[in-house]
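Here the structure comes first, spelled out in structure tokens, and everything after it is commentary.
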Amino acid sequence: MTWKANRLALRQGSLFPLCASTVAGIVIITPVLVIMWRSFTSGKMGFTVDLNVTNYLRVFADKDIWPMLNNSLVYAGGSALLGTGLGGLLAWIVARTNTPGKGLVELMPLYPLLMPPIMKNIAWILLLAPKSGILNGMLEQFLGITYPVFNAFSMAGMIWTFGIACVPLGYLFLLPVFLSFDPSLEESAYIAGSRPVHTMLKITFPLALPAFISAFVLNFLRALRSFETPVLQGTPGNIKVFVSRVYDSMALEFNTGLATAYSVVLVILSIITLYFYVRATRFSERYATITGKGYRVRVIDIGPWKYVTFAAVCLYFLAGIAIPFVVLIVVSIIPYFDYETFMTFPSHMGLNNYRTVLRHASFLNGLRNSVLLSVVIAVVTVFVGIVMAFTIHRTRAVGTKIFEFIGTLPLAFPPLVLSVGLVIIFVGTPLYNSLWALGLGLFVAYFPYAFRNASGAIVNIHKELDEAAWVHGARWRHVFFKVTLPILKPAVGGALFYIFIEAIRNVDVAVLLTAPGLEYGPVTLFEYFRVGQWAEAAAGGVIYLIILIVAVSVAKFAFKMKFSL
Amino acid sequence: MQWNTMMVMAIALSANLFFAPAFSAEKAPAKETVKEAAKAPAAAAKKAGGQQVKSEAASATATAKAAKAYAQVSAELYPKAKQEGNLIVYSVWDVEHLRVITEAFMKRYPGIKATFWQGRNPEIVTRALTEFQGGQASFDVVLSDNAPPVIRAAGGIMDYNTVQRDVLYLHDPNMATVSLQIQALAFNTKKIKPADLPKSWEEVASPKYKGMIALDDPMRAGPLSSMLSGLKTQWKDDARFNNFLRNLKALGVPVHKSTSAMFRLVISGEYAICMPALLHDVMEEMHKGTPVGYVKTVPPVVFPRQAGIYAKSPNPNAAKLFAEWLISDEGQKTTDSIGRETSRNDFKSKTSIESAYGKNMKPLPVIDQFFLEDPKAWLDKFVKPIWEG
């Protein structure tokens with residue numbers, strides 16, 4: 001049945017997307033299979049006993065993993081909900097309301113993306129630490145509150161820091177949906193007497209559900225495997241998360257097999273999460289907001305509330321980047337950080353940390369390689385991601401739902417585990433120690449972002465648009481390039497921007513695939529974060545952020561480049 | 001790319017996938033070593049080489065002898081190393097430090113092109129052993145602290161006994177100790193008075209310090225676990241060791257997985273005492289005027305940083321020459337210039353034990369080979385039952 005259906009689908013011109021998705025699927029699944037194979041080997045690095053289930057027996061006999069899993073689920077669920085919810089709200093404000101200062105407002109939720117998560121961790125620790133944190137210090141100094149109100153080393157502190165970092169992804173995923181809305185859906189509600197808020201809750205938000213779940217799944221998986229926040233904020237608060245078992249297996253035991261077996265728990269969680277996503281979107285027509293009837297964005301006049309929404313965007317901008325950025329700037333120019341020195345900062349200024357960073361010859365040397373590779377990776381992953389999403393949702397080939405899982409699977413593995421799989425594949429081949437291996441590694445690592453973004457967006461396009469083209473005898477390329485891709489333009493811009501920003505600062509996946517002597521990325525800059533030299537890291541981070549902010553602003557205002565709108 | 005090249009790559013990739021397990025055959029001796037270590041740590045340490053400690057300053061004769069031996073070995077190795085032409089170093093050291101070190105080496109020995117790859121210890125071990133299992137002659141030297149003994153335990157290090165061994169504070173007959181990691185008991189001078197400070201590592205576990213201490217996670221292969229290993233070796237008293245651990249646990253203090261981040265929090269005033277901090281970090285901050293200090297009566301923990309020569313090194317002569325040069329007077333000066341502690345007894349620097357603690361200080365060396373080669377097994381055996389029990 002399946003074979004017959006596929007033969008029919010191929011005759012109808014789905015050969016290329018199906019083949020391209022299959023090739024991409026093989027590239028993505030291979031390192032995953034290799035590390036899965038490793039999980040069935042015991043022993044440690046350097047000697048191996050093949051084919052046994054020792055690692056799994058250890059994982060499931062580990063009584064500590066249940067409280068850890070519980071912590072992980074609370075942390076990942078909380079962060080993803082905060083980030084995706086807030087991102088969605090900001091996307092709705094920007095796309096659908098008459099909030100003033102449009103040009104600025106549409107960009108404000110994106111700037112926090114430029115700040116690497118570890119910079120945010122450090123900034124929020126400095127702000128929220130119980131005894132030495134700036135906010136607790138201010139409460140004590142100005143209001144006499146001696147009890148530490150804020151605690152960076154708590155579950156709430158962890159969810160706040162990572163959740164805030166998840167907002168841009170939620171925003172990027174939901175903005176295209178709110179921008180590409182068939183107005184008749186809401187107009188019908190208005191004609192039936194529904195008020196704007198009611199319409200928003202009953203019509204607008206439910207229709208954005210696939211993109212919301214898609215972003216939620218990504219943010220959830222990112223949080224589940226994130227390591228910096230649990231290490232820097234969780235460990236001092238005695239909050240142990242599951243992923244630390246994966247890292248201990250690598251860092252303490254040097255046992256890839258065991259690390260992978262622990263990662264398989266993350267894979268199972270990912271598959272469960274994806275299963276819910278696939279179920280929620282199985283009748284994709286329900287969520288189609290872009291139909292053949294043409295669409296234009298209807299901006300809702302929210303009256304004086306527009307100032308509230310403007311304030312909300314500004315508040316996020318403050319929390320997402322402005323306050324952490326200012327804290328880091330101050331930390332980078334004072335000799336050392338403690339509350340007293342911070343508060344008397346103008347009298348203790350110095351540029352030594354900047355001199356230290358700029359003296360490093362490799363600071364800018366690696367930038368060329370990483371910029372080039374990041375651009376290529378962003379373009380390739382986004383294109384292939386759309387082709388795979390197109391294959392699943394638009395071609396008539398049967399069994400393509402499997403790509404839904406394959407395309408997201410790399411996200412379930414912590415970067416170090418994933419890169420081990422890539423090294424095992426490449427070692428001994430001419431690709432090893434070349435830019436090709438590094439490029440393929442980054443492709444595998446970032447494909448889930450491109451794919452989930454495209455998958456969420458494509459569900460919102462009604463099939464009637466391409467069906468009209470199919471009926472008129474169009475081949476897949478006509479449908480893809482003339483119908484689907486132009487409608488997906490906002491989502492494509494957002495994904496390109498996101499993957500470029502993420503790839504340019506990637507160290508975790510790239511580190512094992514970088515050849516000796518090859519300088520990739522602003523290695524020196526991130527090395528300060530890796531070794532915990534906060535003042536120098538802050539100085540380097542400020543320089544890095546200024547470069548990116550200037551680049552984005554110039555691209556946006558001088559060259560009229562659109563990242564999301 | 002040519003079609004036939006792609007075919008070769010595809011075949012090589014497939015072969016890698018399906019025949020990777022076959023590489024495990026050549027790792028059997030390493031397995032035995034670790035097994036033996038788990039059963040009888042002392043015997044295994046002896047077999048693997050073991051660390052030798054020379055705490056007294058090297059005599060003038062030893063210094064002269066080392067200089068002569070270096071000159072001879074340099075003259076012998078350089079022509080062969082020049083013929084090899086390359087040197088590839090895997091290291092945990094900062095990129096800029098590696099740049100300075102390799103450039104100084106290339107200047108001293110023209111004709112040898114030195115390149116490096118930098119990663120963290122787990123990344124170094126993972127990469128080195130994956131390449132070793134794959135039979136790759138991919139690098140020459142691993143320059144690090146935790147990584148070389150672990151790679152050696154897996155059979156990935158070639159034995160090399162340095163000719164300058166008589167002047168080393170910590171000497172391993174199989175790998176050259178080129179630098180030392182020195183851990184100190186640090187404190188925030190604004191948060192605790194000198195009179196109230198603990199006088200020993202053991203006193204840190206006193207209940208009066210509850211709420212003041214930042215502790216490195218004893219269950220990771222970090223500074224605190226290496227300190228515990230050093231104390232256990234020195235005390236030779238299990239009851240005392242277990243009691244110390246119990247008291248430390250009873251403090252209920254937060255533990256940290258990043259020593260540097262923990263030290264920053266001590267500077268910020270979140271904690272008063274840092275157990276432990278790296279001496280060169282403390283010295284650097286003191287030099288900048290940061291309100292931190294270290295307790296001079298508490299013996300520093302000394303951990304070897306080694307240059308291990310890869311078992312499948314494509315340039316073994318260049319690798320040996322590099323290890324010898326790092327220990328030579330010129331190499332030690334270069335190491336000191338980047339702020340890293342030197343490994344020779346006869347080399348004076350601001351971070352040497354003698355200048356930081358005085359002549360009479362007896363440091364606490366980390367020499368338990370069982371701990372160095374398999375920290376996880378060691379922690380499971382001696383620390384976990386008490387810490388997580």
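Here are the numbers for the structure shown:
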quantity: Filter result (within 30 Å of B:Asn161 (Cβ to Cβ) and aliphatic (A, V, I, L, M)) within segment B:174-224; calculated: B:Met175, B:Ala176, B:Val178, B:Leu180, B:Ile182, B:Ala221
quantity: B:Thr351 vs. criteria more than 14 Å from chain A (Cβ to nearest Cβ), touching a strand residue (DSSP E or B) at 6+ places or on another chain (Cβ under 6 Å) and outside any strand (DSSP E or B); calculated: yes
quantity: Any chance B:Lys208 is among the charged types (D, E, K, R), outside any loop (DSSP other than H, G, I, E, B), surrounded by fewer than 21 Cβ atoms within 10 Å (Cβ to Cβ) and within 14 Å of chain A (Cβ to nearest Cβ); calculated: no
quantity: Qualifying residue in segment B:302-318 (condition: among the aromatic types (Phe, Trp, Tyr) and farther than 30 Å from B:Leu248 by Cβ); calculated: yes
quantity: Among the residues listed as A:Leu110, A:Leu126, the single one being within 14 Å of chain B (Cβ to nearest Cβ), surrounded by 22 or more Cβ atoms within 10 Å (Cβ to Cβ) and of a type outside the set (S, T, N, Q); calculated: A:Leu126
quantity: A:Met68 being closer than 18 Å to A:Phe220 by Cα, within 14 Å of chain B (Cβ to nearest Cβ), in contact (Cβ under 8 Å) with a residue 60 or more places away in the chain and not in a loop (DSSP other than H, G, I, E, B); calculated: yes
quantity: Scan of segment A:141-168 for residues that are of a type in the set (Val, Ile, Thr) and under 26 Å from the mean Cα position of the chain (by Cα), ordered by number; calculated: A:Ile159, A:Thr161, A:Ile164, A:Val167
quantity: Qualifying residue in segment B:295-306 (condition: within 14 Å of chain A (Cβ to nearest Cβ), buried (at least 22 other Cβ atoms within 10 Å of the Cβ) and either at negative phi or not in a helix (DSSP H, G or I) (or both)); calculated: no
quantity: Criterion (assigned to a helix (DSSP H, G or I), crowded, with 16+ Cβ neighbours inside 10 Å and touching a Phe, Trp or Tyr at 6+ places or on another chain (Cβ under 7 Å)) met by exactly one of B:Leu321, B:Leu372; calculated: B:Leu321
quantity: Every residue from segment A:417-433 that is within 7 Å of chain B (Cβ to nearest Cβ) and outside any loop (DSSP other than H, G, I, E, B); calculated: A:Val420, A:Val423, A:Ile424, A:Ile425
quantity: Tabulated pairs, segment B:204-230, first more than 28 Å from B:Arg305 (Cα to Cα), second in a helix (DSSP H, G or I), C-beta under 6 angstrom, 6+ apart or interchain; calculated: B:Ala205/B:Phe244; B:Ala205/B:Asn247; B:Ala205/B:Leu248
quantity: B:Glu341, sole failed condition from (1) within 14 Å of chain A (Cβ to nearest Cβ); (2) acidic (Asp, Glu); (3) buried (at least 24 other Cβ atoms within 10 Å of the Cβ); calculated: (1)
quantity: Within segment A:112-139, tally of residues that are under 15 Å from A:Met343 (Cβ atoms) and polar (S, T, N, Q); calculated: 2
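Laboratory data are not the source of any read-out in this text; all were calculated from the coordinates shown. Keep in mind that what you see is a predicted model, and the values were worked out from it rather than measured. In this analysis, Cβ positions are derived from the backbone assuming ideal geometry, glycine residues included, and neighbour counts consider all displayed protein chains.
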